[in-house]
1. Based on DSSP loop calls and a cut-off of at most 16 other Cβ atoms within 10 Å, the longest stretch of the chain free of exposed GluC sites (Glu not before Pro) is what?
2. Looking at 275, 9, 26, which one has the Cα that reaches farthest to the positive end of the dipole of the chain (charges on Cβ: Lys, Arg +1; Asp, Glu -1)?
3. Among residues other than residue 302 whose Cβ falls under 14 Å from its Cβ, what is the net charge (Lys/Arg +1, Asp/Glu -1)?
4. Take the chain, mark every one of the trypsin sites (Lys or Arg not before Pro) that falls in a DSSP loop and has at most 12 other Cβ within 10 Å, then report the longest stretch left between them, sites excluded.
5. How large is the accessible surface per residue of the chain, computed with a 1.4 Å probe and reported in Å² as a whole number?
6. Placing +1 at every Lys and Arg Cβ and -1 at every Asp and Glu Cβ, with all other atoms neutral, what dipole size does the range 215-268 have around its Cα centre, in debye to the nearest 20?
7. Quick one: the Cα spread of the range 290-330 along its three principal axes, in angstroms, biggest first?
8. With contacts defined as alpha carbon pairs under 8 Å and 6 or more residues apart, what's the relative contact order of the chain in percent?
Amino acid sequence: MENIYRKIIKTLTSNTPPSYETFFSVLVSATDILDNEITSYRQRNKIENAGSLLDFTQDKDLPLIIIPDIHARTDFIKNILNYTITPELNFIKISKPISIYQALKKNKLRVICVGDALHTEVNTIDRWKNIQIEFSKNIFTGPAVTSEARDCFNTLFALLLLKISFPNNFHFLKGNHENIYNITENGDFAFKKIADEGQMIKKFVQKFYGDDILYLISYYEHKLPLIAATKECVVSHAEPRRAYKKQELINGLSTPQIIEDLTWTSNGEAEENSVIDIISNLLSEKSNAIYFAGHRPVKEDYNSLYNNRFYQIHNPRKQNIVLVPNKRAFNPETDIIGV
């Protein structure tokens, strides 16, 4: 397992994107896990595939770490794995400090990522402008886009290795950036913000790796769950636009509207009480659980709504993670921490 750790760190600090052979191999292994992830916490959907809901409410109760939108931040993933959890945090039962990676290895916690593995933000505006210049000259694997692809696919590679290494404890939800074909259909929308990021990365993959890697990334994306629930919280990429029932969420990957409503909802678009009603539908009307989501950026460590029952946690300028204890109440002032 330590060899896996070294491989992950080596990937995250590499100056080049993953090779075709290694990328192909981990994509196949990870998609095989997701294809067969029909477990106590992931029920079958109506077509007998792994459903869209991760339901840990009846599974082993573990403290949870939630990772907000990643956006190809290789150093973010590295810093998370190396972050030291101390007994003073009162998060997991330990007598001495332990890294998050070691805690995963010892089955002491669960990790859920809210999505958006690809496309850097904030600090790479000049890079995207240079990519635009390259693409205007029909240069699709130039230095600027290769630098972006290095960050994107080394991040994805590391996330795939973590899923392969800890299939029951490491989970990644689909975000709106999990759309490598950059299509606008079936609940997905082509992405364009600083430049034409979605189309540019798609074109890079086609030219640098080929259509088989492009297909495997897309296949992986379409097998990702949409929402997760524990006894303490519910997590999705975006604020839910509507209050779906449990069975609807299990079948969500077959329903374009549910995919859109859990990955693309903007501030102010959600129906009244959708967050509270989904908590009730997945847990109980008496539950005091909290709903967490990323997607829309916040200016500080978090933004809370609905009497502190809903927390937006994605600050692209910070490397924050959320600790959700299972033996005490969540406190946003101490449990949202920088790594």
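The values are calculated or read from the model by the stated rules, or taken from the named source; none is laboratory data. No experiment lies behind these values; they were computed from the predicted model shown. Positions of Cβ are backbone-derived with ideal geometry, glycine not excepted, and every protein chain shown enters the neighbour counts. In case anyone asks, the SASA skips ligands and DNA or RNA and just uses the protein heavy atoms, side chains included. Shrake-Rupley method; radii C 1.70, N 1.55, O 1.52, S 1.80 Å.
1. On the way: sites that count: 48, 269, 271, 272, 285, 300.
Excluding the exposed sites themselves, the longest stretch runs over 49-268.
2. Towards the positive end, the residue furthest out is 9.
3. On the way: positive: 296, 299, 309, 317, 318; negative: 69, 239, 300, 301, 333, 335.
Its environment carries a net charge of -1.
4. Details: sites that count: 46, 60, 93, 106, 137, 192, 193, 245, 286, 299, 317, 327, 328.
For trypsin sites (Lys or Arg not before Pro) (loop position, at most 12 other Cβ atoms within 10 Å), the longest site-free span of the chain is 138-191.
5. On the way: 14280 Å² over 339 residues.
The answer is 42 Å² per residue.
6. Values: 6 positive and 6 negative charges, 38 e Å.
It works out to roughly 180 debye.
7. Here the spans come out as 30, 22, 14 Å, largest first.
8. Values: 666 pairs, mean separation 72.4, N = 339.
Value for the chain: 21 percent.
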